[in-house]
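Trainee: Have a look at this one.
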Amino acid sequence: MRRYIGKRLLISVGTLFVVILLLFTLLQYMPGSPFNDEKLTDDQRAVLYEKYGLDQPIVVQFFKYVYNMLRGDFGVSYTISKNTPISQLLQTRLPISLRIGGQAVLLGAVIGLILGIIAAIWHGTFWDTLSTIISVIGVSVPSYVFALGLAYVFGYELRWLPLLYSNDLPFESSVLPSIALCMFTIASIARFTRSEMLEVLGSDYILLAESKGVYGPRLIVRHVLRNALIPIVTVLAPLIVGLMTGSLVVEKIFSIPGIGSLLVTAIQSNDYNVVIVLSFIYSAMYIGIMLVVDILYGVIDPRIRLSKEAPHD
Amino acid sequence: MRNSAMKLVALVLCLTLALTVGSFAAAEGEKVLKVHIETEVQSLDPQVATDGTSFEVIADFTDGLYQMDAAGASVPAMAAETTVSDDGLTYTFKIRDDAFWSNGDPVTADDFVYGWQRACDPAFASEYAFMIYDIALIKNSVAVNKGEMPLDELGVKALDEKTLQVQLESPVSYFYSLLYFPTFYPVNRAFVAACGDTYATSPETVLSNGAFILTDYEPAAASFTLTKNPNYYDAARVKLDGLTYQVIKDSQTALLSYQNGDLDTVALSGDQVELVQDDPEFSTVNAGYLWYITVNQIKYPELANVNFRKALAAAYDRDAICNSIIKDGSAPATFAVPANFATGPDGKDFRETAYTFEGFDKASAATFYAAACEELGQKEFNLTLLVEDDATAQNIAAFIQQEWQNTLPGVTVELKVETKKQRVQDIQNGDYNVCLTRWGPDYADPMTYLNMWITNNSNNYGFWSNEEYDAIIKSAISGELALDPVARWQGLKDAEKIVMDNMVILPVYQKNNAMMTKSTVKGIESHPMALNRVYKNTTIE
Amino acid sequence: MTDKEQIAEIIFRPDDFLLKGADETKLDMNFASQRFWKDAYMRFRKNKGAVFSLIMILLVVLLAIFGPLVSNYTYQEQNIAETNMAPRIPLLEDLGIFNGDETLRTSTGSKLKNAYVINKETGEKKDTYYWLGSDALGRDIWTRTWTGTRISLYIAIVAVLIDMLIGMSYGLISGYFGGKVDSVMQRFAEIVNSIPTLVIVTLLMLILKPGLMTITIALMITGWIGMSRIARAQMLKLKEQEFVLASHTLGASNWRVIFSEILPNIIGQLITNTMFSIPNAIFTEAFLSFVGLGIPEPMCSLGSLISYAFKSFTTHPFQIVPPVIVLALLMLCFNMLADGLRDAFDPKMKEM
């Protein structure tokens, strides 16, 4: 087990390395540069290129960057906040995104599971349809429409919750954003739970359990849910990463200083280092969570033995 | 594993706590103005910053030699006394004795020398370096900026601790209006040396000699605060106890916040004006920007044809764009130099006496178009209109697309969307057909526009070239005209007429900003250039 | 009493033992003789929700085809004098609804406005009808909504094809063969997937220029991964089961085992998931419109229409309603249809 995790970690580091290389190459093909401003002349641009080492061959840039990264230096921002070290740019933004994303995941997973279980248990009835409608409505409307709707109703009309994110009220002001964010998770989890539970409910071992007299919540939780959870976790994992790394739309509407809007702005303004660092964080989280999922597989489903074969490599 | 998780939790808690405490700096009952901005501050370093928002914030806590008064005129700030030599080439400034940085150091002549040298330093590559060598015409600045002379040869000297001497290459009629521009702000040499790379990234790494002091800020912050500077030389005039800036990028949320009372002043966009136009709190201010279409004359023969360009310019309805699409009070533009930012020696606005072309006229568009078709021997034209990824700009482009296609049969227009950086790169390199773009004034003189269209200027996106025009501009900068303000003013009008006669650019509109300000708030001074808003005289009842 | 006597007293009745969950109809069916697809079809037809959804989807498709043709406008025709007109429909307007009235919630109070009125005193109205209103450039929203539906349906089809052709096969093959093949394939998927989709899509839009083709390519690069992971997970669950072993023993080829033996068992889950790729794809496109890099004007999709109308959400909320309703309807129907298909395809359902 330990050897397996060690090996996986090593592979993960390799993957991250490839991801950064890919990003470097992609950014190289991106039209424009951070210094394409009306008032900069070609000479000044050349000076700036030299100053930041952007005039060097891509391979050199890449290894320099990785070397600096290993020393904890992620470079500076070129356009969003000029000359600011990215670590400084992220130190308050990352925790905010992680927290709001985390709340959204929690909320989304719980509501999604409940809706999914309801739909599966009363399969084919009115409750099933209702649960489908509730969960699907959430994904039918783009998140920005939903977010602005929430802001309008609860932040402006009713004034139950703050309209804008504020550091003075970190929890209250993150409720609306979390709700706006969790819609897709609710829908995904609910739909997938329903489908998985039905699958499990129709299987022989549940029939056996039932005939052995296991009924009600005990059956659902210990036998059905436990088996249905594996694919659900597979679906949830990437959603977690997506939510924790922020959302442009929700951040824009609630004016949240998170990293989602930072990423999009960085791409649009050719702020290379910011793009790379944020993508790196995303990749690292993704690979990390996938590793955790694999280990969880073993815990949830003893049929899949980690030692025998890596189930989700 | 558990340990690092605990650490993370602790870190998050600490940060949250620190932020919570930090933001309580502005207590209730104080007169703190809550200001809405649409973009984050890009830099607090006066020689690095390039955008209006950054300039505004920098000017909140920094004073230059001069400052802007309510009408936009240049009045002394750090300069207690100014003397100009008779030939207009040497300026000597006495710095106020009661001017101090927030760390207690006096503001000295060397602070200005250092700031101006930074701006001109080729190694520093300040985007606004051209203000020093191209606009202010500081002695030796061109050579210094090219790296051919050392920095201390720049014509800015500290004669003693409080006396600054500036030498120019040739007289600059608008010189005072440059002195409130952030590029010309002082920077404390020792303090920058102590901060190193972290200069101007936090309240601890900036110094204030202005009306306010930065108290809570982090790079690209969504909100930050400034409080009144008790040691400001003119502190008695400043009525506000502080400023709170809130970045809100979505205009609808911004208006809701304003109506909730979270903001004292808010910028509006397009449709929202319909909802608030009857409100006494609603107002529009001149934003200075000229939006125009640049045409690539070097690559496309049809665009090199003046009749074709005139046909294009006359074929779209500018009033409809302003009244039905933008709606924020922006004015149709039939000129190359916008109104209300440059006043001439006659005391009148440049536009009052300058030439204006006829604008939208379908009949004359058809006439020009027929002539162009004849001259070019061509009846079908394909245009690609390049536009930025901004919603309003795309709307306007879609409208112009239809207008061109309907008014000029045979013309087909395709829209192409790019990000700003990409668009600027493409138009500077000439990799475009026609492009909707904009230009904002940097100083109070028509030259801030007219300088663009001289041969080989990097912002002459059309690659247009005209000897007569070049001669006028050259003379107005450093030749005969430079010595005679009245003749120069006339020369600039003639130059603009050449631009319009040749339809070098196709003007679209002059931007206005629509905004709401609480009725209790008075005296926010708005300007179309340099410092968009000044709060030194602002009061809250 | 002795034990024997007790036993003798028990009398068995016909209803002492019943098949669990069985009702008459199912018992009577002879599944063995039916082919898989026919079987599925029979079960699908019984599901009212799914059939209803299918009809609604067909209706939307028909409207997308014919909707723009029945109006007097084209999707790109602007009428700058008639911007932001409220919905007005002949006949219905006489009932007091859809008569072009619009209540503006201004900061100084509500204001009833009818942009169609040309003579305020007589209340005389223009002879123009924008059934669902007009947008900020004076374009007919009815026409644009259905034109946009076409693009969104195209994107939906692309998403399903990508899921089915690329994602599913990738996941099944990777999961089935395991070992080295799986390792390499998963490494590749992991690399593609661990770069944020947004970054890939936005970068592509910038590098290849915004347009429908670029959106398709972007979806192809990013769209298949979710499906491949689910297909693989399902494959891992099933491949050690007895019926697979049996097929192998009987000499079935790998491909036959994957696509004929295992696939039918998991197609239900896969279809449910495909239905999620559709909103994902449509919203990826909507997001691009939101940041200004979607379908270039004057073309539109439901996503770009919503982004466009979003800017007038608090001023002219009627503009956002049609595209949102069509989109929501499509999503709901796709999901209910997926449920129906899932149930229909699941061979185990017959045991219930």
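Trainee: Considering only region C:242-335, give the helices (runs of 4 or more DSSP H) lying wholly within it that have at least 1 residues that are in contact with a Phe, Trp or Tyr (Cβ under 8 Å, 6 or more places away or on another chain).
Mentor: Once the helices (runs of 4 or more DSSP H) in region C:242-335 are filtered for at least 1 residues that are in contact with a Phe, Trp or Tyr (Cβ under 8 Å, 6 or more places away or on another chain), what remains is C:263-290, C:302-310.
Trainee: Just need a number here: residues in region C:223-264 that are of a type in the set (S, T, N, Q) and either touching a Leu at 6+ places or on another chain (Cβ under 6 Å) or more than 24 Å from C:Ala338 (Cα to Cα) (or both).
Mentor: Matching residues across region C:223-264 total 5.
Yes/no per residue for (1) under 29 Å from C:Leu203 (Cβ atoms); (2) buried (at least 21 other Cβ atoms within 10 Å of the Cβ); (3) modelled with pLDDT under 80:
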residue	(1), (2), (3)
C:Asn273	yes, yes, yes
C:Phe287	yes, yes, no
C:Pro322	no, yes, no
C:Leu330	yes, yes, no
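Trainee: For region B:134-163, give me each residue that is of a type in the set (S, T, N, Q) and within 13 Å of B:Arg118 (Cα to Cα).
Mentor: Once the filter is applied, which keeps residues that are of a type in the set (S, T, N, Q) and within 13 Å of B:Arg118 (Cα to Cα), region B:134-163 yields B:Ser141, B:Asn145.
One line per residue, one yes/no per condition, for (1) in a strand (DSSP E or B); (2) under 22 Å from the mean Cα position of the chain (by Cα); (3) aromatic (Phe, Trp, Tyr):
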| site | (1), (2), (3) |
| --- | --- |
| B:Gln401 | no, no, no |
| B:Gln422 | no, yes, no |
| B:Thr437 | yes, yes, no |
| B:Ile473 | no, yes, no |
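Trainee: Here are some conditions: (1) under 22 Å from C:Pro196 (Cα atoms); (2) over 22 Å from the mean Cα position of the chain (by Cα); (3) in contact (Cβ under 8 Å) with a residue 60 or more places away in the chain. A:Pro31 meets all but one. Which one does it not meet?
Mentor: Unmet condition: (3).
Trainee: With the requirement that a residue be surrounded by 20 or more Cβ atoms within 10 Å (Cβ to Cβ) and under 15 Å from A:Asp43 (Cβ atoms), what does region B:134-156 give you?
Mentor: B:Ser141, B:Val144, B:Asn145 - these are the residues of region B:134-156 that are surrounded by 20 or more Cβ atoms within 10 Å (Cβ to Cβ) and under 15 Å from A:Asp43 (Cβ atoms).
Trainee: Let me ask something else. Of the residues A:Ile117, A:Ile96, A:Ile100, which is in contact (Cβ under 8 Å) with a residue 12 or more places away in the chain, buried (at least 20 other Cβ atoms within 10 Å of the Cβ) and in contact with a helix residue (DSSP H, G or I) (Cβ under 6 Å, 6 or more places away or on another chain)?
Mentor: Criteria check complete, one pass: A:Ile100.
Trainee: Let me ask something else about it. Just checking, which of B:Thr183, B:Thr205, B:Thr201 is free of Cβ contacts under 8 Å to residues at least 60 places away in the same chain and under 14 Å from B:Pro46 (Cα atoms)?
Mentor: After applying the criteria, what remains is B:Thr205.
Trainee: Among the helices (runs of 4 or more DSSP H) lying completely within region A:190-274, list those that include at least 2 residues that are more than 14 Å from chain B (Cβ to nearest Cβ) and surrounded by fewer than 24 Cβ atoms within 10 Å (Cβ to Cβ).
Mentor: A:204-211, A:226-244
Trainee: Which residue, of C:Ser307, C:Ser301, is closer than 17 Å to A:Val145 by Cβ and within 9 Å of another protein chain (Cβ to nearest Cβ)?
Mentor: C:Ser307
Trainee: I'd like to know if region B:484-504 contains one or more residues that are among the β-branched types (Val, Ile, Thr) and without any contact (Cβ under 8 Å) to a residue 60 or more places away in the chain.
Mentor: yes
Trainee: Starting from residues that are touching a residue at least 40 places away in the same chain (Cβ under 8 Å) and buried (at least 16 other Cβ atoms within 10 Å of the Cβ), keep the ones in region C:88-110 and report whichever is nearest to B:Val273 (Cα to Cα).
Mentor: Checking each candidate, the answer is C:Glu102.
Trainee: State yes or no: is B:Val172 in contact with a helix residue (DSSP H, G or I) (Cβ under 6 Å, 6 or more places away or on another chain) and buried (at least 21 other Cβ atoms within 10 Å of the Cβ)?
Mentor: Here the answer is no, as B:Val172 does not meet what is asked.
Trainee: Within region B:225-247, does at least one residue satisfy the condition of being buried (at least 22 other Cβ atoms within 10 Å of the Cβ) and at pLDDT below 90?
Mentor: No, because not a single residue in region B:225-247 is buried (at least 22 other Cβ atoms within 10 Å of the Cβ) and at pLDDT below 90.
Trainee: Quick one: which helices (runs of 4 or more DSSP H) sit completely within region B:255-322 and have at least 1 residues that are buried (at least 24 other Cβ atoms within 10 Å of the Cβ) and more than 8 Å from chain C (Cβ to nearest Cβ)?
Mentor: B:306-314
Okay, residues lined up against (1) out of contact with any Phe, Trp or Tyr (no Cβ under 6 Å at 6 or more places or on another chain); (2) in the same structural domain as C:Lys311 (by TED's automatic domain parsing):
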site	(1), (2)
C:Lys48	yes, yes
C:Leu54	yes, yes
C:Val61	yes, yes
C:Ile65	yes, yes
C:Leu92	no, no
C:Ile97	yes, no
C:Arg105	yes, no
C:Trp131	no, no
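Trainee: In region A:40-74, what residues are buried (at least 16 other Cβ atoms within 10 Å of the Cβ) and either β-branched (Val, Ile, Thr) or in a loop (DSSP other than H, G, I, E, B) (or both)?
Mentor: A:Leu40, A:Thr41, A:Val47, A:Tyr52, A:Leu54, A:Phe74
Trainee: How many residues are more than 30 Å from C:Asn265 (Cα to Cα) and within 7 Å of another protein chain (Cβ to nearest Cβ) if we restrict to region A:166-189?
Mentor: 3
Trainee: Sticking with this structure for a sec: Is it the case, given these coordinates, that A:Ile287 is farther than 30 Å from B:Ser223 by Cα and touching a Phe, Trp or Tyr at 6+ places or on another chain (Cβ under 7 Å)?
Mentor: Criteria not met by A:Ile287.
For every residue, the table says whether it meets (1) over 23 Å from B:Ala514 (Cα atoms); (2) of a type outside the set (Lys, Arg); (3) in contact with an Asp or Glu (Cβ under 8 Å, 6 or more places away or on another chain).
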residue	(1), (2), (3)
B:Asn188	yes, yes, yes
B:Asp197	yes, yes, no
B:Ser202	yes, yes, yes
B:Thr205	yes, yes, no
B:Leu243	no, yes, yes
B:Val247	no, yes, yes
B:Pro280	no, yes, no
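Trainee: Just name the residue that is farthest from A:Pro217 (Cα to Cα) out of those in region A:119-147 that are of a type outside the set (Ser, Thr, Tyr) and outside any helix (DSSP H, G or I).
Mentor: A:Pro142
Trainee: Just need a number here: residues in region A:34-53 that are out of contact with any Ser or Thr (no Cβ under 6 Å at 6 or more places or on another chain) and touching a residue at least 40 places away in the same chain (Cβ under 8 Å).
Mentor: Here the count works out to 2.
Trainee: Considering only residues that are β-branched (Val, Ile, Thr), within 14 Å of chain C (Cβ to nearest Cβ) and part of a helix (DSSP H, G or I), which ones fall in region B:354-399?
Mentor: Residues satisfying the conditions are B:Thr392, B:Ile396.
Trainee: Oh, and also: Give the residue, chosen from C:Lys113, C:Lys126, that is under 16 Å from B:Glu274 (Cβ atoms) and either in the same structural domain as C:Val326 (by TED's automatic domain parsing) or more than 35 Å from the chain's Cα centre (by Cα) (or both).
Mentor: C:Lys113
Trainee: Within region C:181-204, can one find any residue that is in contact (Cβ under 8 Å) with a residue 12 or more places away in the chain, within 11 Å of chain A (Cβ to nearest Cβ) and either farther than 25 Å from A:Val19 by Cβ or outside any helix (DSSP H, G or I) (or both)?
Mentor: no
Trainee: For region C:105-123, indicate whether the set of residues that are more than 30 Å from C:Leu245 (Cβ to Cβ), part of a helix (DSSP H, G or I) and either within 14 Å of chain A (Cβ to nearest Cβ) or not polar (S, T, N, Q) (or both) is non-empty.
Mentor: no
The values are calculated or read from the model by the stated rules, or taken from the named source; none is laboratory data. Note that the structure is a prediction, hence the values are computed from the model and not measured. Glycine also receives a Cβ, built like all others from the backbone with ideal geometry; neighbour counts cover every protein chain displayed.
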